[in-house]
Structures are given as C-alpha cells and as structure tokens.
Amino acid sequence: MRIFDPHIHMTSRTTDDYTAMYEAGVRALVEPSFWLGQPRTSPRSFYDYFDSLLGWEPFRAAQHGIAHHCTIALNPKEAGDPRCVPVLDELPRYLVKDGVVAVGEIGYDSMTPAEDTALAAQLQLAADHGLPALVHTPHRDKAAGLRRTLDVLGESDLPPERVVLDHLNEATVDEAASSGCWMGFSIYPDTKMDEIRMVRLLRLHGTDRVLVNSAADWGRSDPLKTRAVGDAMLDAGFGDDEVDKVLWRNPVAFYGQSGRLDLETAAGCGPATHEGNSILRGGN
Ligand SMILES: [Zn+2]
C-alpha cells in the first residue's frame, strides 16, 4: 500500500515516526504551516519556521525515504494577532518556492472579522500564484464555520477544484461535497473522525475528491492513521485500486495542481531506494 499523507506536522514528530511511517507505506507527505502551540512574538518567527519547512524538514524526510512538500500561510489561530499579521506581506516570496504546493492552512478559528480579512487575502494569494489552498474548517461550530468559509470562497478568484476543505465530518460532508471543493478528513485516535466512520463515509459518498490525513502534530495524534484507513477499507470490502485512489492518487491530483510535486527525488534516496521508486511509479 503506497500512502501520501496530505496533512501532517512532521516538525513535531520524531525520527521513530518517520521510520514507522515508511514501514506502513508512507512515501510522500505535505506539511502545512501552523502555529507553534504558543503565540509568536513577531513576524520574524515565521521566517525561520518557513525556512525549516523548506529546508531541514524535507532533508529529514528524505533520509527516511519520504518526499516532503509544504504549504505556507498565516494560520487561522494567529490571523487576528497584530504581532503576526505583517507576515502576509512576506508570503509572496515563499509562495514562489519549489517545495510549496499550496497556500495553507488558512480558514477560520473563532470566526472574527480579522480572520475574514486574512482568509480573503490568502485565497487571493493562492489565485495569483496558481496554487491550491488548504482550508481548515473550525473545530467548534463546524456547520456555521463551513458556511462562512464557502461564502468567502464564492467571492474569491479561486475555483472550487483548487480548494480542499479540511477536518470535515458527517455534519459537514454534504455541504462540502456540493461545493465542488475537495474534501479532507483528519483521522484522530480518540476525537473527531476515526477510521471506521471514515469507511462509512466513503461508502456513502464514494472516493472522488476525498483526501484522508492524520493531521498528526504534538497533540494526541497518530501518524499511522492513514494506513489504518487503508486497512479498514480493505476489511470493509473496498479493492486495492480504491485504497490507492484515496491514499495516493487523490492527493497527487490535488497538490499536483501546483505543478511542483516532486515524488522521485526525495523518496529515491530513502532506506529502500529501489522499492521506493517502483512504488511511486506503480499503478496499484
Ligand atoms: Zn494541521
């Protein structure tokens, strides 16, 4: 099983995680930029972080046979903080870089006017740079958050096929599906979506425009949840081709819209070079 985790924060994970992910079949991932767990004190704090997402972390991933790309943005939790907002002016110089495959994570946290402004500005940056956008839906008041997100998207220049709405669940999937956007589901150990509910949703809604991620970070989370979904799909009677579509071809198609996915270079130097390359090229 070859796996592309389209949303995982490797900065907060260990080398043991990289090893276990490789063994589980993970050959590629996207690391969205987010907050640091405590407030930044200046926009400069973003620059070191972005540089590490573009330099150090891809190097670390490559040592484990995994291709690493990232998304760059002012995250929703800091979108209203005057110490952070000036980073918006600096984003364009990062959005032109090869390792950046989307603008993200953007979206709503508390649904404030400042978050409206940051979301609209960054959707425009995505449109201007020909990049997709990774849009986080809020963990509280999900339905209202999604509706407001779709309103702002409707006013933007970014077409729905370039947007993934992330952290969806049973309450938000129908509206997300009819929007024409890609649908992201984060699978957690004991909150939000789990692999059994995910399989149920795949049965109801099919596999088109669906991305499954672990969203693992430094909270209670599990970087192998993508694999757990693949196994649960097989147990439930889905075929290998459908598992490959959800866990590999869909994320490749979504982030491939950036024109910047490079799945050979990094993954080619990993612990199992030959196997790594044949998995990337294989059709199943
Ligand atoms: Zn995240």
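In nanometres, what is the gap between the two model label sites at Arg220 and Phe59, each 7 Å from Cα along Cα-to-Cβ?
With each label point 7 Å from Cα toward Cβ, the separation is 3.6 nm.
Which FRET efficiency value, to the nearest 0.05, is calculated for Val252 and Lys97 with the Förster distance at 25 angstrom and r the Cβ-Cβ distance?
Here the calculated transfer efficiency is 0.80.
Let me have the 222 nm mean residue ellipticity of the chain computed from DSSP H runs of 4+ only, each contributing -39500 (n - 2.57), with the sum over all residues rounded to the nearest 500.
-12000 deg cm²/dmol
About its Cα centre, what dipole magnitude does region 90-216 give when the only charges are +1 on Lys and Arg Cβ and -1 on Asp and Glu Cβ, stated in debye to the nearest 20?
Roughly 260 debye, rounded to the nearest 20.
Cα centroid distance between region 162-203 and region 90-140, in Å?
Distance between centres, Cα-based: 20 Å.
Using a Debye calculation, one point per C-alpha and no hydration shell, please list log10 I(q)/I(0) for the chain at q = 0.09, 0.17 Å⁻¹ in order.
Values, matching the q order: -0.37, -1.46.
Report the label-to-label distance for Asp194 and Glu161 in nanometres (one decimal), using points 7 Å from each Cα along the Cα→Cβ vector.
Using points 7 Å along Cα→Cβ, the separation is 3.7 nm.
How high is the FRET efficiency from Thr112 to Arg147, r the C-beta distance, R0 22 Å, rounded to 0.05?
0.90
What number comes out for the charge environment of Gly80, summing +1 per Lys or Arg and -1 per Asp or Glu over other residues with Cβ under 14 Å away?
With Lys, Arg at +1 and Asp, Glu at -1, the neighbours total -2.
Determine, for the chain, the count of lysine pairs separated by eight or more sequence positions (or lying on different chains) whose alpha-carbon distance falls under 17 Å.
Taking the chain as the scope, the lysine pair count is 4.
In nm, what is the difference between 0.36 nm times the number of residues separating Gln38 and Asp16 and their Cα-Cα distance?
5.4 nm
Using the 2.2 N^0.38 Å rule of thumb for compact globular proteins, work out how region 79-182 stacks up: its C-alpha Rg over that value, please.
Ratio of Cα Rg to 2.2 N^0.38 Å: 1.03.
With a ≥ b ≥ c the root eigenvalues of the C-alpha gyration tensor of region 9-161, is it rounded (a/c under 1.5), prolate (a/b larger than b/c) or oblate?
prolate
Hey, if you put +1 on the Cβ of every Lys and Arg and -1 on every Asp and Glu Cβ in region 82-231, which of Pro189, Val100, Val152 ends up farthest toward the positive end of that dipole?
With unit charges placed on the Cβ atoms, the residue in question is Pro189.
Compute, for region 23-173, the length of the dipole vector about the Cα centre, with Cβ point charges of +1 (Lys, Arg) and -1 (Asp, Glu) only. Units Debye, rounded to 20.
About 220 debye.
Bear in mind that the values in this text are calculations on the coordinates, not laboratory data. Being a predicted model, the structure only gives us computed values, none of them experimental. For neighbour counting, all protein chains shown are included, and Cβ atoms are generated from backbone atoms with ideal geometry for every residue, glycine included.
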